[in-house]
1. Could you tell me whether K304 is open to solvent by 20 Å² or more (accessible area, probe 1.4 Å), under 17 Å from I10 (Cβ atoms) and without any contact (Cβ under 8 Å) to a residue 24 or more places away in the chain?
2. Filter the stretch 151-192 down to residues that are aliphatic (A, V, I, L, M) and open to solvent by 10 Å² or more (accessible area, probe 1.4 Å) and give me whichever is nearest to the chain's Cα centre (by Cα).
3. Mind checking whether some residue in the stretch 142-163 is in contact with a His (Cβ under 6 Å, 6 or more places away or on another chain) and part of a helix (DSSP H, G or I)?
4. For residues in the stretch 336-358 being in a loop (DSSP other than H, G, I, E, B) and farther than 15 Å from Y44 by Cα, which is modelled with the lowest pLDDT?
5. Restricted to the stretch 136-150, and to residues that are touching a residue at least 40 places away in the same chain (Cβ under 8 Å) and under 23 Å from the mean Cα position of the chain (by Cα), which residue is most open to solvent (accessible area, probe 1.4 Å)?
6. What are the pairs with Cβ atoms under 8 angstrom where one residue, in the stretch 107-135, is within 12 Å of N183 (Cα to Cα) and open to solvent by less than 40 Å² (accessible area, probe 1.4 Å) and the other, located anywhere, is of a type in the set (F, W, Y) and not in a loop (DSSP other than H, G, I, E, B)? Sequence gap at least six, or different chains.
7. Does the stretch 263-288 hold any residues that are modelled with pLDDT of 95 or more and more than 17 Å from V235 (Cα to Cα), and which are they?
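The values are calculated or read from the model by the stated rules, or taken from the named source; none is laboratory data. Note that the structure is predicted; figures quoted are calculated from it, not measured. A quick note on method: Cβ atoms are made from the backbone with ideal geometry, for glycine too, and the neighbour counts reach across all protein chains shown. What goes into the accessible areas is simple: the full protein's heavy atoms, side chains included, and nothing from ligands, DNA or RNA. Shrake-Rupley method; radii C 1.70, N 1.55, O 1.52, S 1.80 Å.
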Amino acid sequence: MSVPTLFSPITVGNHDLNHRIVLALLTRLRNTEDGIPQDKCVEYYRQRTTKNGLLISEGTFISPANNGYPFAPGIYTDAQVEGWKRVTDAVHEKGGIIFNQLWHVGRTGATNTVSASAIPINGRNVWGQEYDVPHALTVDEIKSTIRDYANAAKNAIRAGFDGVELHAAYGYLIDQFINSSSNIRQDKYGGSIQNRARFALEVIDAVVEAVGARNVAIRFSPWSEFQDMKDDTPVETWSYITQKLQDRHPDLAYLHFAEARVTGGSDVDEEQAESLDPFREIWKGPFVNCGGYNRTKAIQLCEKKPNNLVAFGRIFIANPDLVERLRRDLPLNKYHRPTFYTHGSDGYTDYPFHSDTV
């Protein structure tokens with residue numbers, strides 16, 4: 001019998017992968033209060049590493065001004081770089097590939113929030129407080145933030161990461177510039193699709209210049225309404241961005257798109273309302289899908305779309321040996337949502353491997 005494409009090789013950036021199963025970025029809040037990965041973080045990534053398999057790290061703050069969540073990691077101090085070096089060494093010892101996801105939360109943080117425009121998120125944040133009205137970044141501050149992304153990318157490579165993925169999804173800073181609901185600027189960074197896309201494209205340009213296109217990826221969520229995101233013309237907006245990336249940086253490691261259903265807070269698999277095909281048809285390189293995939297859906301996708309990879313989140317949390325379980329169609333551990341964002345080892349490094357349960 002032929003091997004399903006999901007379990008076949010593909011080249012991503014400078015790396016030849018053995019399969020298309022990717023560890024999705026997963027905020028887990030197991031670092032120190034100073035944003036330094038701890039011993040249990042090293043073990044967590046080591047457990048989920050396979051030879052020539054791709055892991056994407058949890059979102060990692062690019063600067064101290066952006067440090068919006070306690071116990072999330074950073075990549076802007078030497079101590080953080082050294083902490084991440086222990087993680088990347090552990091991954092590389094098992095032959096894995098790991099990209100660092102660069103993160104600026106923008107208006108979603110607790111205090112001193114910034115965004116494209118002075119529009120707060122409706123409701124209350126994770127600390128139970130009403131969201132602040134964010135400061136709309138000036139042009140000079142935008143340029144400084146772009147430099148922060150480039151410096152963070154350099155630090156990630158210094159920490160041993162094989163590349164970086166820019167978080168431009170789920171209502172964080174880059175996404176706040178892209179969406180028409182959160183960007184009502186009147187300057188060159190607001191208004192038209194071209195202007196709202198400018199910040200994302202300038203960040204990509206700077207990071208590519210810093211570390212090379214084949215070491216860079218970016219993640220989008222065109223359909224997500226998480227954290228008050230909504231765009232008037234999502235197909236047109238993200239098609240424009242995708243086309244610009246295809247024209248200017250066709251050698252990017254991959255583009256990563258979230259399916260329409262994904263909010264990150266639900267266990268219910270909903271029917272897909274929209275398709276990522278418009279963007280997949282534009283982008284000629286590796287294309288990562290994420291959002292509620294199981295073994296059957298992932299196999300079917302990769303058979304139809306030969307340049308595709310599939311990122312798994314919740315089931316990779318609960319199954320450190322997910323690649324082997326999917327390959328052999330073995331039963332899966334169930335994840336325990338209450339431990340997703342706690343700070344201990346419970347629900348983090350204590351999920352059993354299949355070999356430990358038989």
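1. Working: open to solvent by 20 Å² or more (accessible area, probe 1.4 Å): yes; under 17 Å from I10 (Cβ atoms): yes; without any contact (Cβ under 8 Å) to a residue 24 or more places away in the chain: yes.
Against the criterion (open to solvent by 20 Å² or more (accessible area, probe 1.4 Å), under 17 Å from I10 (Cβ atoms) and without any contact (Cβ under 8 Å) to a residue 24 or more places away in the chain), K304 qualifies.
2. I157
3. Checked against the condition, which is being in contact with a His (Cβ under 6 Å, 6 or more places away or on another chain) and part of a helix (DSSP H, G or I), the stretch 142-163 yields no hits at all.
4. The residue in question is V358.
5. To start, the set of residues in the stretch 136-150 that are touching a residue at least 40 places away in the same chain (Cβ under 8 Å) comprises 136, 139, 142, 145-150.
Those still in the list that are under 23 Å from the mean Cα position of the chain (by Cα) too: 142, 145-150.
Details: I142: 0, T145: 12, I146: 17, R147: 139, D148: 45, Y149: 0, A150: 14 Å².
Once the filter is applied, the top-ranked residue is R147.
6. That search, which allows pairs on different chains as well, returns A116/F177; A116/F199.
7. Within the stretch 263-288, K284, G285, P286, V288 meet the criteria.
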